[in-house]
Every structure is written in structure tokens, then in C-alpha cells.
1. For the range 114-156, give me each residue that is over 20 Å from the mean Cα position of the chain (by Cα) and free of Cβ contacts under 8 Å to residues at least 12 places away in the same chain.
2. Are any residues in the range 85-113 basic (Lys, Arg) and either open to solvent by 20 Å² or more (accessible area, probe 1.4 Å) or not in a helix (DSSP H, G or I) (or both), and if so, which ones?
3. Need pairs with beta-carbon distance below 8 Å; first residue touching a residue at least 60 places away in the same chain (Cβ under 8 Å) and within the range 192-221, second among the basic types (Lys, Arg) and open to solvent by 10 Å² or more (accessible area, probe 1.4 Å); sequence gap 6+ or separate chains.
4. Could you please give the count of residues in the range 141-180 that are part of a loop (DSSP other than H, G, I, E, B) and in contact with a strand residue (DSSP E or B) (Cβ under 7 Å, 6 or more places away or on another chain)?
5. Scan the range 33-84 for residues that are of a type in the set (D, E, K, R) and open to solvent by 10 Å² or more (accessible area, probe 1.4 Å) and jot them down.
Amino acid sequence: MRRSAEVPKAYGLLRNTRNAGLVAVLAGAAQAETVIAALGDSLTQGYGLPQEQGLVPQLQEWLDARGAEARVLNAGVSGDTTAGGLSRVEWTLTDEVDAMIVALGGNDILRGIDPAVSRDNIDGILGAAEAAEVEVLLVGVEAPGNYGADYKAAFDRLYVDLSEEYGTLLVESFFAPLEASGDRDTAMQAYMQPDGLHPNAAGVELIVEALGPSVLELIDRTESSAPVEEAGAGAGQ
């Protein structure tokens, strides 16, 4: 203990400076991780699947395999509509969240909700993200034709219009990767759960493969828009 007291002051100053620099480096490393909230419904939540096979865990694994410094938070709630997403977006956008994936609308379609109402809700979600300066990847769902051509056109278009209005990234159809083969019946058997509404683990894997590049772009956007701190700032405090 006495020998520590005899250390020259200059050395102590140097040591403190080096420690401050180390703290700054570690803080910078921690800040480098992009935190992404995946705001959605049962498709995001991972309905009917073991936890590790859901969308968010598979997406996290996909990003990790590519060396992306990102952490995806599961903000999916089974049964949620766009109104539900709007009601909880404010507390989803915590201070740690840097970016957001918005994947809502499927339950609106199942309930036959007016596309204008769904549009207003997603408009509110994107407005909240913009106010929080959070980058967004908007993921759409395509309406079937059983509500009529006008309903389908209005619902499908709302994602494109709002993405253009807010300047978000856009994936127009959540299920497009499963329908790429062109044989819907085969795809339903191979990639969907028995309920015909939710993808199985293999289906989620295909969706993640298609969604992943847009998530990487979301991370790039977030990192590019992040404020740059001066080197050594705060080291003397």
C-alpha cells in the first residue's frame, strides 16, 4: 500500500489518462451496436414455433453470421393490429433503440379493417419513429382478393406510399419469398404451419434470407446518421 503512495504524480496522471482513454474506447464499442426493435404481430413474435426458430432469433443468427454489430429486440405481439402497434410504439422506442422494423397489417386484413384506418395507424407509427430520429424498415403484407380489387389495391399501396412519404426502407411483401416458386399449394405445404397463416421454421428461414439484406441496409443507414463524437471528448472530465 505504501509503495502505491510513492508512485510519482506524473505516472499517476498518465495512468488516469490512459484509463480515461480505455473507458472512451469501451464506450465507443458499446455504442457501435445497433439496437433494432422489431415491431409486429404474431409473424414477428414467432407464433407456433420454438423460441429459437422464430423470426427474431433467426434474423439475429443471420446478422451474427455476417458480422453485423446489431441486436434485434422482439417487439411482436400475437394478434396485434396496426392500431395495437400505434398504441405501444412510444414505449417501444426506448432510448436504446436505434432502428425499427415495422411489420404490421396482417390482422387488419383478417378483420377486414378499412385500409384508410390501417394507413393512418402506420402513418402514426412512422411519425413517432421520425420524431425519435429512428430509421425504419417497413415490411408490408399483401391483401388477398376476397375483399375486392379496390380493397386489395388500397391496402397494398399504403406501404409504398408511406415509405415514400417518410423515406423509409421498404420490403413490400412479407410472404413473397414463400411464393417465389410460383406453386402456392406446394409452398403452403412446405413452408407454412397447419393453420395456413404462419410460416414454419423453414418458411421463416426463407423470409429471413430475403429480409436480411434490407436489415443490413437499415443498420448502415443508422450508423451513417449517428452523430460523430470528437476523439477524446470527455477524457479530461
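The values are calculated or read from the model by the stated rules, or taken from the named source; none is laboratory data. Keep in mind that what you see is a predicted model, and the values were worked out from it rather than measured. In this analysis, Cβ positions are derived from the backbone assuming ideal geometry, glycine residues included, and neighbour counts consider all displayed protein chains. Surface areas here come from the heavy atoms of the whole protein model, side chains and all, with no ligands, DNA or RNA. Shrake-Rupley method; radii C 1.70, N 1.55, O 1.52, S 1.80 Å.
1. Just the residues of the range 114-156 that are over 20 Å from the mean Cα position of the chain (by Cα), to begin with: 114-117, 120, 143-156.
Selection gives ASP114, ASP120, GLY145, ASN146, GLY148, ALA149, ASP150, LYS152, ALA153.
2. Across the range 85-113, the qualifying residue is only ARG111.
3. Matching pairs, first to second residue: GLY212/ARG66; LEU216/ARG66.
4. The first filter runs over the range 141-180 and keeps only residues part of a loop (DSSP other than H, G, I, E, B), leaving 141-144, 148, 167-168, 172-175, 180.
This time we only want the ones that are in contact with a strand residue (DSSP E or B) (Cβ under 7 Å, 6 or more places away or on another chain), so: 168, 174.
Residues that pass the stated criteria total 2.
5. Within the range 33-84, the first condition is being of a type in the set (D, E, K, R), and the residues that meet it are 33, 41, 52, 61, 64, 66, 69, 71, 80.
Across the range 33-84, the qualifying residues are GLU33, GLU52, GLU61, ASP64, ARG66, GLU69, ARG71, ASP80.
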